[in-house]
1. Is there any pair linking a residue in the range 55-73 that is among the acidic types (Asp, Glu) to one that is within 8 Å of the ligand (Cβ to nearest atom) and open to solvent by 20 Å² or more (accessible area, probe 1.4 Å), with Cβ under 9 Å and at least six apart or on different chains, and which?
2. Does the range 82-108 hold any residues that are among the acidic types (Asp, Glu) and farther than 22 Å from Tyr22 by Cα, and which are they?
3. Being within 13 Å of the ligand (Cβ to nearest atom) and either touching a Pro at 6+ places or on another chain (Cβ under 6 Å) or closer than 22 Å to Ala23 by Cα (or both) is the filter here, so list the residues in the range 35-59 that pass it.
4. Suppose the filter is out of contact with any Phe, Trp or Tyr (no Cβ under 8 Å at 6 or more places or on another chain), in contact (Cβ under 8 Å) with a residue 24 or more places away in the chain and closer than 19 Å to Gly29 by Cβ; does Gly77 pass it?
5. Could you pull out every one of the strands (runs of 3 or more DSSP E) wholly within the range 28-105 that has 1 or more residues that are charged (D, E, K, R)?
6. Residue by residue through the range 80-97, note down the ones that are more than 9 Å from the ligand (Cβ to nearest atom) and of a type outside the set (Ser, Thr, Tyr).
Amino acid sequence: MKIRNFGHALAILALAFAGLVYAAQHEVGQKNKAFTVKHLKIKVGDTVAFTNLDPFFHNVYSLSQAKTFDLGSYPKGESKSVTFDKPGKVEVECAIHPQMHMVVEVVE
Ligand SMILES: [Cu+2]
């Protein structure tokens, strides 16, 4: 009985480890007042790094229910990351440049 429980615990550990391994990292730049990716499909638990490639500030944010965030304004070369922990459609915008828009689609 003890040995069987141990095997079960190992299986759970292996699953948890697999989850960590498969959480991916994605990159979305801000260049020429636009996002370098317009539509990004990712999995729950994945992280997206928003990197400013313009010689002026951007302020990336979202008011979507699946992920509400505000990265604040930051200059060229700086990157801030967001981990998407819920499924859904996340509309990403820039508070400084209203024409900037992209979508992160988070699936299970
Ligand atoms: Cu901007």
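The values are calculated or read from the model by the stated rules, or taken from the named source; none is laboratory data. In this text the structure is predicted, and so the values were computed from the model without any measurement. Glycine also receives a Cβ, built like all others from the backbone with ideal geometry; neighbour counts cover every protein chain displayed. The protein model used for the area step is the full one, side chains on, heavy atoms only, and it has no ligands, DNA or RNA in it. Shrake-Rupley method; radii C 1.70, N 1.55, O 1.52, S 1.80 Å.
1. Within 9 Å, the pairs are Asp70/Asn59; Asp70/Ala95.
2. First, the residues of the range 82-108 that are among the acidic types (Asp, Glu): 85, 91, 93, 105, 108.
Those that are among the acidic types (Asp, Glu) and farther than 22 Å from Tyr22 by Cα: Glu91, Glu93.
3. Quick first cut of the range 35-59, residues within 13 Å of the ligand (Cβ to nearest atom) only: 35-36, 50-59.
Within the range 35-59, Thr36, Phe50, Thr51, Phe57 meet the criteria.
4. Numbers: out of contact with any Phe, Trp or Tyr (no Cβ under 8 Å at 6 or more places or on another chain): yes; in contact (Cβ under 8 Å) with a residue 24 or more places away in the chain: yes; closer than 19 Å to Gly29 by Cβ: yes.
Judged against the criteria, Gly77 is a match.
5. Where strands (runs of 3 or more DSSP E) fall fully within the range 28-105 and carry at least 1 residues being charged (D, E, K, R), they are 39-43, 67-74, 79-83, 88-94.
6. First, pick out the residues of the range 80-97 that are more than 9 Å from the ligand (Cβ to nearest atom): 80-92.
Scanning the range 80-97 gives Lys80, Val82, Phe84, Asp85, Lys86, Pro87, Gly88, Lys89, Val90, Glu91, Val92.
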